[in-house]
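Down below is the structure, laid out as structure tokens.
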Amino acid sequence: MIGASAPRALPLVLLPLIITAARGPAPRDRAPAGRAGPPDTLTVAYEVSGVRVVQRLSTTSDVAAARLYLLGGTRQITERTAGVEALLLAAAAYGTAQFPGDEARRALDRTGAIVTIEPELDWTVLGFAGLVADFDAAWRPLMDRLVHPTLSNESIARARARLLTQARGRYAEPNEELHALAMRSLFHDHPYELDPGGTETSLTTLTADDVRSYARDQLVTSRMLLAIVGNVTRAHVESLVTATVGQLPRGDYHWVLPPPAPSGHAHWFVEQRPIPTVYMLGLFAGPPPTSRDYWAFRVATALLSSGLTVAIRSERSLSYAAYAPYLELAIPVGGAYVSTPKPDKVLPLMIEQVEELERRPFSPFALRRFVDNFSFEYIARNATADGQADFLARAELYLGSYKSGTEFVKRLQGVSSLEIQNAAMRYMTAIQYAYLGDTSRMKGHW
């Protein structure tokens, strides 16, 4: 998870331009803050049988993607039931009413579609990407996992064994364990503290009745957001939804942003290990996506990432991986990560980079170049059909409407140097650190 969220460092040639006391007016070619971009006429939002749908028509590609979001994430579970939704979906892959036994997986294999099951903190994603010609053939067996899952004792046992192997692997890998330690420290007594994929303890104690009861109570259309991108008509999507997941009960779920991160003072979560490399991760929670500060926080975290890479890796060769991870959540999380054999020398550099953001103004010209570069890379990462579907869903859920996603670049470009400094001072002070490695290497420099 840590590596996947690492932004690229800013090219070194731009850093001397950004970290400067120069002040000046915003570039003249910047669009006025109130001016809206061209309307998105290819994307629509509607409801079918209680399922909220956001759909973008794309006639230029033979690939289509469908992503169904089961909303709530870790707010739907407890420490004891962590991983129950992941277990439910994994067990449903071993047979449904219309696709019994191995036919459930063979039907999907024949389409060549890439299936996604992603238990996350804010939701669980069930989806696929494949050829438009195979859209129906992939949709039916996948959605039947929600509508008519067999959930036999045998299928649940097989799925449990697979998820247990994955959980043991997660907590055996240093970076994954480091992330879990830091999140538990930052979000103590908060839903984000829980592991949506389940822990070895929770997956072992979950019963088959727990899984079937969860399916009966939680598989309701009011918990569902469907995002589709591709050359598929609205009428066709409506017919597919009506015949499958639209048959489920509506329920009374209502999506809202989760509660803010608990306030607290900066402290360390340390696990002693006699290993040659030390892993350190400091996390800090940001403002909700509906806040004006959100955009400054995002740019500030990206700038911090560049500063860490240059100061620790490029200039001093103290680490092969030093950057600021960014977790795109309903409560965004930034951080400072490093793996190093010399943590006592690296920690002061990490702190120094945060302080740089707090006290130094940025050149408007270089800041604009940085934001343009960052925006281009973000959009490029979301250029695939499933990437576009995820982008639409996040805008719909985090910002209140998919239409707000079109303002992404404009809002980033509207961030000022002063707003970045204020975001750093406000959100990057109470950093919750996790340390995994030989504590004697710190030599008392905590």
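Each reported figure results from applying straightforward, stated rules to the coordinates on display, with no laboratory input. As the structure is a computational prediction, the values presented were derived from the model and not from experiment. Positions of Cβ are backbone-derived with ideal geometry, glycine not excepted, and every protein chain shown enters the neighbour counts.
Points worth noting:
- A Förster radius of 60 Å, combined with the Cβ-Cβ distance separating Ile351 from Thr242, puts the computed FRET efficiency at roughly 0.60.
- Note on Ser222 and Phe365: the extension gain reaches 46.9 nm, defined as 0.36 nm multiplied by sequence separation minus the Cα-Cα distance.
- Inter-label distance for Trp255 and Ile379, nm, one decimal - labels placed 7 Å from Cα along Cα-to-Cβ: 2.4
- Residue separation of Thr429 and Arg273 scaled by 0.36 nm, minus their Cα-Cα distance, works out to 53.4 nm of gained length.
- Nearest-ten-degree value, helix 385-398 long axis tilted from longest Cα axis of the chain: 80
- Using θ = phi - 60° in the Karplus curve 6.51 cos²θ - 1.76 cosθ + 1.60, the 3J(HN,Hα) couplings for region 206-221 round to 5, 9, 4, 5, 4, 5, 5, 5, 5, 4, 5, 8, 9, 7, 10, 5 Hz; x is entered for Gly and Pro.
- Between the beta carbons of Arg168 and Leu418, assuming R0 = 51 Å, the FRET efficiency works out to 0.60 to the nearest 0.05.
- Computed from backbone phi, the HN-Hα couplings of region 99-106 come to 10, x, x, 5, 4, 4, 7, 5 Hz, rounded to whole numbers (Karplus: 6.51 cos²θ - 1.76 cosθ + 1.60, θ = phi - 60°; Gly and Pro given as x).
- Shape call, the chain: gyration tensor on alpha carbons, a/c limit 1.5: oblate
- Annotation: extensible slack from Ser314 through Tyr46 equals 91.5 nm (criterion: 0.36 nm per residue apart, minus Cα-Cα distance).
- In Hz, Karplus ³J(HN,Hα) per residue of region 363-378 (6.51, -1.76, 1.60; θ = phi - 60°; x = Gly, Pro): 4, x, 5, 5, 5, 5, 4, 5, 5, 4, 5, 5, 5, 4, 5, 5
- Thr78-Asp109 pseudo-label distance in nm [points 7 Å out on the Cα-to-Cβ vector]: 4.0
- Sorted by Cβ density within 10 Å, fewest first, the residues Val132, Val245: Val132, Val245
- For Thr116, distant residues with modelled amide H under 5 Å away: Gly127, Phe128
- Cα-based convex hull, region 43-247, per residue volume (Å³, whole number): 126
- In this rough spin-label picture, where each label sits 7 Å from Cα along the Cβ direction, the Val132-Trp446 distance is 6.0 nm.
- Cβ-Cβ FRET estimate between Asp344 and Ala235, R0 fixed at 56 Å, reported to 0.05: 0.30
- In terms of surrounding Cβ atoms within a 10 Å radius of their Cβ, Ile114, Ile156 rank from fewest to most as Ile114, Ile156.
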